[in-house]
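Below you will find the structure I want to go over with you.
Please treat every number below as a calculation from the coordinates, not as lab data. Everything numeric here is computed off the predicted structure, so don't read it as measured data. Neighbour counts run over all protein chains shown; Cβ positions are idealised from the backbone, glycine included.
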Amino acid sequence: DAGVIQSPRHEVTEMGQEVTLRCKPISGHNSLFWYRQTMMRGLELLIYFNNNVPIDDSGMPEDRFSAKMPNASFSTLKIQPSEPRDSAVYFCASSGRNSNQPQHFGDGTRLSIL
Amino acid sequence: AQSVTQLDSHVSVSEGTPVLLRCNYSSSYSPSLFWYVQHPNKGLQLLLKYTSAATLVKGINGFEAEFKKSETSFHLTKPSAHMSDAAEYFCVVSVSFGNEKLTFGTGTRLTIIP
């Protein structure tokens, strides 16, 4: 079975540019999560969706960050404009309907903002 | 509120010897507890989960964990370490009634000495 698919795996861009990260959750999962991982702060939940609706975006650091889930099989996380401090690994995860269902993670997007 | 504390940031063991990774949790409600493993440049993979059933939980790759409510602990063990076990391990707590937000520990890096 295909797991959570993220693209691109690596992104290097200059500050000020728009960055779009993509995620395809596991088919049938109804919850989707975006995380950021850094050495300093560890894993942070940015936002999560349930049935394509954003439920909690309190972890989104600034208005420069936005996330969408136009349908059950696709989500994007956008940073505009990007800054060097946004450099991190961004993970997408999905889970099934039961709140005790574990989250399944993608392999992440390693983002470097120069 | 919920939290997890991983008591060791780094653990080193010799190949073939037992592994013990320690985790204490705090939760106002009955928690669900998870252990995830992260190999370099990979996403997090679920090792095992506790959701108020048996207190001794068996996971993949020979790992197991015991939920001890009186000690608020959920330590991860393996009888015999293998070189492939070298990775970062995360203890994770979730409040088990509709709250899908996970709280991650800071991680324990496991090194296996040949």
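When only DSSP loop residues count, what GluC sites (Glu not before Pro) in the range B:60-93 have their Cβ near at most 12 other Cβ atoms within 10 Å?
Here the sparse-neighbourhood loop sites are B:GLU71.
Any idea how far apart B:ASN61 and B:ILE113 come out in nm if each label point goes 7 Å out from Cα toward Cβ?
Those two pseudo-labels are separated by 2.1 nm.
Sticking with this one: If the convex hull of the alpha-carbon atoms of chain B is projected onto planes in all directions, what is the mean projected area in square nanometres?
Over all viewing directions, chain B projects a mean Cα-hull area of 6.8 nm².
Moving on to the next point. Could you calculate the FRET efficiency of B:THR17 with A:ARG110 from 1/(1 + (r/R0)^6), where r is the beta carbon distance between them and R0 is 35 Å, rounded to 0.05?
0.55
Shifting gears a bit: So how long is each side of the range A:39-105 along the principal axes, counting just the alpha-carbon atoms, biggest first, in Å?
37, 26, 19
Kindly provide the pair-distance distribution of the protein assembly as shown built from C-alpha pairs, with 10 Å bins from 0 and whole-percent values in order of increasing distance.
8, 33, 34, 20, 5, 0
Tell me the net charge near A:ASN71. Cut-off is 15 Å between Cβ atoms, A:ASN71 excluded, with +1 for each Lys or Arg and -1 for each Asp or Glu.
+3
In nanometres, what is the gap between the two model label sites at A:ARG22 and A:ASP57, each 7 Å from Cα along Cα-to-Cβ?
Taking the two extended label points, one gets 2.2 nm.
Calculate, axis by axis, the spread of Cα positions in chain A along the three principal axes, and write the results as whole Å, longest axis first.
40, 28, 27
Hey, with R₀ at 45 Å, roughly what FRET efficiency would A:SER66 and B:GLU71 work out to, going by the Cβ-Cβ distance, to 0.05?
Calculated transfer efficiency: 0.55.
Give the relative contact order (percent, whole number) for chain A; include only Cα pairs under 8 Å separated by 6+ residues.
37 percent
Mean 1/r over all different Cα pairs, inverted: what Kirkwood radius does the range A:30-77 give, in Å?
11.1 Å
When chain B is treated as a GNM, springs tying every alpha-carbon pair under 10 Å, which of B:LYS69, B:LYS78, B:LYS58 comes out with the largest mean-square fluctuation?
In the Gaussian network model the winner is B:LYS69.
Using Cα centres only, tell me the gap between the range A:73-114 and the range A:29-65 in whole Å.
Value for the Cα centre distance between the two parts: 7 Å.
Mind listing the phi-derived Karplus ³J(HN,Hα) values for the range A:9-20, rounded to whole Hz, using 6.51, -1.76 and 1.60 with θ = phi - 60°, and x for any glycine or proline?
After applying 6.51 cos²θ - 1.76 cosθ + 1.60, I find 6, 9, 9, 10, 8, 8, 4, x, 7, 7, 10, 10 Hz.
Over chain A, with a Gaussian network built from C-alpha contacts below 10 Å, which listed residue (A:LEU21, A:LEU43, A:LEU32) shows the highest mean-square fluctuation?
Judging by the Gaussian network model, the answer is A:LEU43.
Please sort by residue number the GluC sites (Glu not before Pro) in the range A:7-114 whose DSSP state is loop and whose Cβ has at most 12 other Cβ atoms within 10 Å.
Counting only loop positions with at most 12 other Cβ atoms within 10 Å, the GluC sites (Glu not before Pro) in the range A:7-114 are A:GLU14, A:GLU18, A:GLU62.
In peptide B:38-46, what is the residue-averaged number of other protein chain Cβ atoms found within 10 Å of each Cβ?
Other-chain Cβ atoms within 10 Å of each residue's Cβ, averaged: 6.
Need one number for the range B:4-54: average projected area of the convex hull over its C-alpha atoms, nm².
Seen from a random direction, the Cα hull of the range B:4-54 projects 5.0 nm² on average.
Can you pull out the trypsin sites (Lys or Arg not before Pro) in the range A:22-114 that DSSP calls coil and that have at most 11 other Cβ atoms within 10 Å?
A:ARG41, A:ARG97
Please check: in the Gaussian network model of chain B (C-alpha springs, under 10 Å), which one of B:GLY62, B:GLY43, B:GLY16 has the largest mean-square fluctuation.
It is B:GLY43.
Determine the alpha carbon to alpha carbon distance for each of A:LYS24/A:LYS78; A:LYS24/B:LYS69; B:LYS68/B:LYS101; A:LYS68/B:LYS58; A:LYS24/B:LYS49; B:LYS42/B:LYS101 and list only those over 26 Å.
Among A:LYS24/A:LYS78; A:LYS24/B:LYS69; B:LYS68/B:LYS101; A:LYS68/B:LYS58; A:LYS24/B:LYS49; B:LYS42/B:LYS101, the Cα-Cα distance tops 26 Å for A:LYS24/B:LYS69; A:LYS68/B:LYS58.
Under the rule a/c < 1.5 gives rounded, and otherwise a/b versus b/c splits prolate from oblate, where does the range A:3-45 land using the Cα gyration tensor?
It is oblate, given that a/c is not under 1.5 and a/b is not larger than b/c.
Treat the range B:39-80 as a sphere of radius equal to its Kirkwood radius over Cα pairs and apply Stokes-Einstein at 10 °C in a medium of 1.306 mPa s; give the translational diffusion coefficient in µm²/s, rounded to a whole number.
Answer, rounded: 139 µm²/s.
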